[in-house]
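See below for the structure under consideration.
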Amino acid sequence: MIYAIVFLPLVGFLIAGALGPWIGARASELVTTGLLMVCAVLSWIVFFDVALGHDHGYAPIVGNWMTVGALKIDWALRVDTLTAVMLVVVNTVSSLVHLYSIGYMHEDPDRPRFFAYLSLFTFAMLMLVTADNLVQMFFGWEGVGLASYLLIGFWYQKPSANAAAIKAFVVNRVGDFGFALGIFLVFQLTKSLGFEEVFAAVPGLAGKTIHVFGMDVDALTMAALLLFVGAMGKSAQFFLHTWLPDAMEGPTPVSALIHAATMVTAGVFMVARLSPIFEYAPTALEFVTIIGAVTAFFAATVGLVQNDIKRVIAYSTCSQLGYMFVAEGVGAYSLGIFHLFTHAFFKALLFLGAGSVIHAMHHEQDMRNMGGLRKDIPFTFAMMTIGTLALTGFPFTAGYFSKDGIIEAAFAAGEHRTTAMIGFVATVVAAGLTSYYSWRLVFMTFFGHRPAHSVAVNHSHDEPSTDDHAHGHDDHGHDDHGHHAPHESPLVMLIPLAVLAIGALGAGYVFEPDFAGHAYDEFWKGALFTGEHNEILHEMHAIPAWAGFAPTAMMVLGFLVSLYVYVLKPGTAQALARIFPRLYQFLLNKWYFDELYDFLFVRPAFAIGRLFWKGGDGAIIDGLGPDGVAARVADGARLAVRLQTGYVYHYAFAMLIGVAAVVTYFVAGGLR
């Protein structure tokens, strides 16, 4: 069964990618979507067998991958509770995104390529989550990076899409470099890269040091920090977050699949999988907590003022990933994975709901050109409202159980660690900000009145927005369908919304006892580290009442402020922007990280590149090498050409000079 789950998406990729031009777009859609539906069903079967059943997991070996000296790598598919959870998340969301894309991309001429890329990404993600060693995990890790590059830049005719794809690829390579160094160090310390062997060796390495740059540093701390750098890049954490909002240049289904539910959670999964290493590196865990807390707060502040509907949700994703790392940083790994699980449902719901709004508005993404849509697209409005309730942590929705659990765990751990208390404060504040910008999106999109110019036209490619479908050879307009006013999406796009809404409402209530409740040990079966920090799951239930109520109070406060600013007294937001112009520009420009990185890294890199190109390669290597030799030969040829004039008296004169020279030589020689 596990072989089918992992390799069916690869089969779909090969069929759609290689045979797409011959079998056609419809066949490519049906084949890839059908195979993913099968994978989703099988994933739930594995989940019930392994996570909720009595099966303790298994790791069938596909074959030997490589053997180099002491390094022996087998290609094995590790299946335990953590893997089962990820299989459900990846394949459920991916199958629904495939189905949704049939409607959303129905006018795109490159559908076979699009569905092939989606299936390739799913296969790479499955390779990552079923890895039984660090090399196999790195293979899947790089695979999802490649697939995200292809999907973000799917509309390669758009310069902005190309730039966003390159940016995502480069920023992720920075994190991946740290991940690779961490893998090298783990092998140096344990002489193995298989998880079981590494985890068995870790306790004996506690307190060991290595000599780096003239300093003795804790070996496991260094390894954990390097591994976490990889997680920072893939999960868009503070400092390496800049690629995620720009990745919205890809089609909206891509945003839902890669940047809401699967790829960006790879870092969270990796830290959970390697929790036995992180548990013996407490300094690294504190760093994880701080980065998660700062990311949760930072992304929430930026989301307050964004006007592109997809970018608001993108920064929400960035912020929620911060919550997950706070949970793992305080040792509550199960809560981090629980939030990953619930977040997949409501965030994919929000992204696909945003796609339905964009579809209704003829591919307009600026919320300032929306308004009053709840009457035109009531089903999408209902689904977006459910997603917003879950995201903000409304009582008994999915987000309420997982997100509030993280905040409570941070407070419980804060009694012993200052960094955990920082995480508590940051996540509570972020909860209020999340509620504000989430309801801001709903109010600006579905309430109020729509500007007159945005109702009946299909926006051209010259619009300054990030036009989701404007990609050169196909404008994806709907005028030929007779739709001028906003209209509800087709059924093939609405069914995935309904399925995800069920998860957004009920996943937390149903699975909370298993992930982080009384059935914790029976559910995880040792897939996560269950040492001393396991007590946090009990301590969090003994925190003061005000600490447990704080996130709900902040959620209500954020809703009320947003209601006042955008419904009860419209124009308040514009007035505040005029009163605090510098703060508004600071947040609107995302804390100026892009400008800072452009100044510190991009411009110097280009300057150095030009120096080596023009000065080194052009002037020195080519100038003194092949180009210089060729130029001197050409100069000599030009001089020789001057002697070949074609006049007989010139040649006769040259002969006389030659005779005179020969005579002079012999006469002079005879005199000696």
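The values are calculated or read from the model by the stated rules, or taken from the named source; none is laboratory data. Here the structure is a predicted model, which means the values were calculated and not measured. Cβ coordinates were reconstructed from backbone atoms using ideal geometry, including for glycine residues, and neighbour counts include every protein chain displayed. Accessible surface is based on the protein model in full, side chains and every heavy atom, while ligands, DNA and RNA are left aside. Shrake-Rupley method; radii C 1.70, N 1.55, O 1.52, S 1.80 Å.
Annotations for the structure displayed:
- Portion, in percent, of the accessible area of the chain that falls on carbon or sulfur, probe 1.4 Å: 70 percent
- Of the peptides 153-161, 611-619, 409-417, the ranking by mean beta-carbon count within 10 Å, highest at the top, reads 409-417, 153-161, 611-619.
- Per residue Cα convex hull volume in Å³ - calculated over region 72-198: 103 Å³
- Other residues with beta-carbon under 11 Å from the beta-carbon of Met444 carry, at +1 per Lys or Arg and -1 per Asp or Glu, a net charge of +2.
- Sequence ranges 119-125, 225-231, ranked by mean other-Cβ count within 10 angstrom, highest first: 119-125, 225-231
- Straight-distance candidates among the aspartates and glutamates for linking to Lys403, with alpha-carbon spacing under 13 Å and chain neighbours fewer than 8 residues away dropped: Glu328, Glu512.
- Heavy-atom accessible area per residue - the chain, 1.4 Å, Å²: 40 Å²
- Over the chain, relative contact order from alpha-carbon pairs under 8 Å, at least 6 apart, %: 13 percent
- Projected area, mean over directions - the chain, Cα convex hull, nm²: 45.6 nm²
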